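Here's the structure we're looking at; comments come further down.
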Amino acid sequence: MGTDFSWLAERLGPHRVLTGRSIPPRYQTDAFRAHRGSLLEERGPSPAAVVLPRSAAEVATVLRFAIDEGLKLVAWGGGTGLMGGARPTSDSIVLDLRNMRRVRAIDATSGTATVEAGIMLETLDARLRRRGLTLGHDPWSRPRATVGGAIGTNGMGYAGYLRGTMGDQVLGLEAVLADGSVVRTRSVPRSTTGLDLKRLFIGTEGTLGIVTAATLRVFPVPEKEESARSA
């Protein structure tokens, strides 16, 4: 007998808890396909449910529900991951964070932006460029990849030689732990004492907590940009 998701649907709204045939097939796979060396089936099983939260509090509600029901949980951004980490199992909930896409603050003076995890990288960069700023992370997947996904995979963009990985741009994080508690780290470049807590959530693909927002280091738009390619 399957899990009853009516309790969750009552709290989040029926259109944000998808089950059965209402689950789109895109949630059965990610960008890790045969042409990239994957030995997995082109499409895996459909998850038990797909949930689309709008806040960290709602993410916490979903995590507590998953624990109570004995279900696995898969964090979903843009589905551009190349490691198979976004592929669900039939006894899992896919947590699609793309409704969490607010820009909470942009500070040109300090060169920072605080944004929710579901915003697309390209959308955020467009917002920043209106203020004369730009992201330090520019992967091929920028039109589809989300901030949270880039943090979870610690992605490397074309400008990585200059600015490092996505994790190097992260100053502070908001994340929800497995028990539903919300952690917010200080937004500072480095800590000279103790554990750098935000690093626990960078590159771990949601296994230690679901990143729901981040404060990022952003950069002035260069005076001149050029592209080059070999013949």
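So what's the net charge close to A178: Lys and Arg +1, Asp and Glu -1, counting the other residues with Cβ under 13 Å from its Cβ? Show your work: numbers first, answer last.
Working: positive: R64, K72; negative: D68, D179.
The answer is 0.
Annotation for R33 and R21: the two label points, set 7 Å from Cα along the Cα-Cβ direction, are 2.7 nm apart. Of all the options G20, G78, G167, the one that moves most in a Gaussian network model of the chain with Cα springs shorter than 10 angstrom is G20. For the pair L195 and S55 in one chain, pulling the backbone fully straight at 0.36 nm per residue adds 47.7 nm over the alpha carbon distance. Taken along the Cα-to-beta-carbon direction at a fixed 7 Å, the label points for R184 and R144 span 3.4 nm.
Treat every Asp and Glu Cβ in the chain as -1 and every Lys and Arg Cβ as +1, leave all other atoms uncharged, and give the resulting dipole magnitude about the Cα centre to the nearest 20 debye. Show your work: numbers first, answer last.
On the way: 30 positive and 23 negative charges, 120 e Å.
In debye, rounded to 20, the chain gives about 580.
Phi angles across region 197-204 convert, under the Karplus curve 6.51 cos²θ - 1.76 cosθ + 1.60 with θ = phi - 60°, into 3J(HN,Hα) values of 4, 4, 5, 5, 9, 9, x, 9 Hz, Gly and Pro given as x. Evaluated with a Cβ-only charge set (Lys, Arg +1; Asp, Glu -1), region 6-96 carries a dipole of roughly 220 debye about its Cα centre, given to the nearest 20.
Sorting the Cα pairs of region 6-96 by distance into bins of 5 Å, from 0 upward, gives 3, 15, 26, 23, 17, 9, 5, 2, 0 percent per bin. Relative to the Cα centre, the charge distribution of region 103-220, modelled as +1 at Lys and Arg Cβ and -1 at Asp and Glu Cβ, gives a dipole magnitude of about 340 debye.
Counted over the chain, the DSSP beta bridges are approximately 75% antiparallel.
Modelled spin labels at R104 and T123, positioned 7 Å past Cα toward Cβ, are 1.7 nm from each other. Between the residues A48, A31, M83, the greatest Cα displacement towards the positive end of the dipole of region 6-96, with unit charges on the Cβ of Lys, Arg, Asp and Glu, is found for A31. Taking the DSSP beta bridges with both ends in region 6-96, the antiparallel portion is around 20 percent.
Ranking L173, L12, V103 by Cα position along the charge dipole of the chain, where only Lys, Arg, Asp and Glu carry charges on their C-beta atoms, puts V103 farthest toward the positive end. The angle between the Cα long axis of helix 56-69 and the main principal axis of the chain comes to about 40°, on a 0 to 90 degree scale.
The slack in the chain from K224 to D168, taken as 0.36 nm per residue of separation less the alpha-carbon distance, amounts to 17.8 nm.
Start at zero, step by 10 Å, and the Cα-Cα distances of region 112-231 spread as 14, 46, 30, 9, 2, 0 percent across the bins.
Taking other C-beta atoms within 10 angstrom as a stand-in for reagent exposure, F201, F65 fall in the order F65, F201, fewest first.
Where a number appears in this text, it was derived from the coordinates with a stated rule and is not lab data. None of the values given here were measured: they were computed from a predicted structure. Glycine gets a Cβ as well: all are built from the backbone with ideal geometry, and neighbour counts include every protein chain shown.
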